[in-house]
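To keep things clear, I will list the structure first and then write my remarks on it.
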Amino acid sequence: MLDVKVDKFIQDLSKIEPQEEKIITGLQGFFRFFPFSRLSLFTYSPINFIGEGLLFLDSAGNMFSLDQIREDIRDIPPIYDAIRNKRAEYIAVTENYEFFPDEYIEKFELSSLLVVPLWLGPMVLGCVLIDRYKGVEPLSQSLIFSIEEYFRLSVNTIATSYFDEEGTKLSKRELEVLERLSDGWSTKEMADIMGISEFTARDYISAAMKKLGARHRAQAIAEAMRIGLIS
């Protein structure tokens, strides 16, 4: 259970504009309430099982893009398990740990990692990888539950404040991202060519899915084709 200060912070997220600032504020707020020093945000596509890096933040205020990271999540079992189960997974990265790519263990000097899936309804949108625990007591299951709840409520608050009730009428941009998805474009590729951020591209995809009543991207594409919105 989250305390009153955390609840108030999450409620205040809905008042922030634009959407990208709202997401970053939610991530930065994590360090105010939980004893960790770093986190990384990733998107996830249930169509091709690809996880794409978005950004890295630390408790000192440093932030940089992770858009060079793109992996098939099925090749990283701890992350894939967390996403499939919609449940946080704690990983102790020992010297001979074989289930996480060595290049990332070395680059980020990982010794442990908490994988927290980000989901809305039946759909997993991505995950947060959290490391550098600095608490006095050993990391407890109750703290992990609180972290899961923080991100669950944050995702719900951000999504609720974004979605409107315009029925199934899709905007020009929403149709464009569905077209590009159907052609096999990644979120980063379409964002670059459309001149928008990856956050915004993902928001268009999520909005289109909501209006079409789709549970995942493949279903949204199929429904848009079925009713003749895209070819």
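Can you give the FRET efficiency for K107 and K134, using 1/(1 + (r/R0)^6), R0 = 22 Å, r = Cβ-Cβ distance, to the nearest 0.05? Please report the intermediate quantities before stating the final value.
Numbers: r = 21 Å, r/R0 = 0.93.
With R0 = 22 Å, the Cβ-Cβ based efficiency is 0.60.
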- request: Kindly give Rg over Rh for the range 109-208, based on alpha-carbon atoms, with the Kirkwood expression for the hydrodynamic radius.
  value: 1.08
- request: Give the Kirkwood hydrodynamic radius (Å, one decimal) of the chain, defined as one over the mean of 1/r across all pairs of different Cα atoms.
  value: 18.5
- request: List the lysines whose Cα lies under 19 Å from the Cα of K188, skipping any in the same chain that are fewer than 8 positions away.
  value: K172
message: For the range 170-211, what does the relative contact order come out to in percent, with C-alpha contacts under 8 Å and a separation of six or more?
response: 52
message: Suppose the chain between K15 and F49 were pulled fully straight at 0.36 nm per residue; how much longer would it get relative to their current alpha carbon spacing?
response: 9.0 nm
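If contacts are Cα pairs under 8 angstrom and at least 6 residues apart, what is the relative contact order of the chain in percent?
Details: 320 pairs, mean separation 44.7, N = 231.
Normalised by residue count, the contact order of the chain is 19 percent.
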- prompt: How about K134: which lysines have a C-alpha closer than 23 Å to its C-alpha, ignoring those fewer than 8 places off in the same chain?
  reply: K5, K107
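Compute for the range 45-109: radius of gyration divided by Kirkwood radius, i.e. Rg/Rh, restricted to C-alpha atoms, rounded to two decimals. It would help to have the intermediate numbers written out before the result.
Values: Rg = 12.9 Å, Rh = 13.3 Å.
In the range 45-109, Rg relative to Rh is 0.97.
Readers should treat all values here as calculations from the given coordinates under stated rules, not as data from a laboratory. Fair warning: this is a prediction, and the values are worked out from it, not measured in the lab. Don't worry about glycine lacking a Cβ; one is built from the backbone with ideal geometry, like all the others, and counts go over all protein chains shown.
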